[in-house]
Amino acid sequence: MRLFVAVDLPDELASSVVDAQRRFDDAPGLRLTDSTQAHVTLAFLGDVEEDRLAEVEGAVEAGVRDAAVGPFEATVGGFGVFPSLDYISVVWTGVRQGTGEMNRLHESIQAELLPLGFEPDDHAFTPHVTLARMDDARGKETVQRVVREEDPTIGSFRVEEVRLKRSDLTPDGPSYSTVERFPL
């Protein structure tokens, strides 16, 4: 099963995510994410055998505990892209408030997963919510213009837990479900 660790955005922010995504309506080649599944990924584990689930849950629980982060307020807004404006593969909105807490959670969870054989990302951690993936460059100039010129606020929410999530790939895109919750 494909697993990742995340902070989910609350359902009430889904319409704000859609409003932000609409700014890219004129960009062909862009595939929007499902606003009802919006989240900040803290760690991507990839394919994990079912018999390793208990040890993964233990590592995430220890990482959340060791991060010593209590419930906190997070604000999401603005636009960014990965890896760069010259070559766009992902369009995202960033975490504006709560970045320090998200970073501590990410680092602590990664530190617990490393001994289990889960490799850390090969790039710097940037807490964000993926809005779209660029399948081809037809809409590149539109995306560049929107990212440079617009600075929306998606909204604020209280982060009270971290979730271990399962990702099932379907013909309509990925479907996420919560495997376990870890309160802060």
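Tabulated data for the structure shown
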| read-out | value |
| --- | --- |
| Test: residue in segment 102-118 that is small (Gly, Ala, Ser) and part of a helix (DSSP H, G or I) | yes |
| Cross-chain or 6+ apart pairs with Cβ under 8 Å, segment 165-184 first and touching a residue at least 60 places away in the same chain (Cβ under 8 Å) and on the phi > 0 side of the Ramachandran plot, then of a type in the set (Val, Ile, Thr) and part of a loop (DSSP other than H, G, I, E, B) | GLY173/THR33 |
| Residue that is nearest to ALA20 (Cα to Cα), among those in segment 109-147 that are buried (at least 21 other Cβ atoms within 10 Å of the Cβ) and touching an Asp or Glu at 6+ places or on another chain (Cβ under 8 Å) | GLY139 |
| Unique residue being more than 17 Å from ARG158 (Cα to Cα), touching a residue at least 60 places away in the same chain (Cβ under 8 Å) and among the small types (Gly, Ala, Ser) when the list is ALA54, ALA62, ALA20 | ALA20 |
| Filter result (of a type in the set (D, E, K, R), in a loop (DSSP other than H, G, I, E, B) and at pLDDT 95 or above) within segment 150-184 | GLU150, ASP151, GLU160 |
| Filter result for the condition that a residue is touching a residue at least 24 places away in the same chain (Cβ under 8 Å), closer than 19 Å to VAL159 by Cα and in contact with a Gly (Cβ under 7 Å, 6 or more places away or on another chain), over ALA111, ALA74, ALA67, ALA43 | ALA74 |
| Among residues of segment 57-80, those that are β-branched (Val, Ile, Thr), surrounded by fewer than 21 Cβ atoms within 10 Å (Cβ to Cβ) and under 23 Å from ASP34 (Cα atoms), counted | 1 |
| Subset of segment 97-108 [in contact with a Ser or Thr (Cβ under 8 Å, 6 or more places away or on another chain) and either charged (D, E, K, R) or surrounded by fewer than 21 Cβ atoms within 10 Å (Cβ to Cβ) (or both)] | GLN97 |
| Some residue of segment 56-64 being over 22 Å from SER177 (Cβ atoms) and either within 17 Å of the chain's Cα centre (by Cα) or at pLDDT 95 or above (or both) | yes |
| Test: THR93 is surrounded by 21 or more Cβ atoms within 10 Å (Cβ to Cβ), of a type in the set (S, T, N, Q) and touching a Gly at 6+ places or on another chain (Cβ under 9 Å) | yes |
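The values are calculated or read from the model by the stated rules, or taken from the named source; none is laboratory data. If you're wondering where the values come from, they're calculated on a predicted model, not measured in any experiment. Neighbour counts are summed over all protein chains in view; Cβ atoms, including those assigned to glycine, are modelled from backbone coordinates with ideal geometry.
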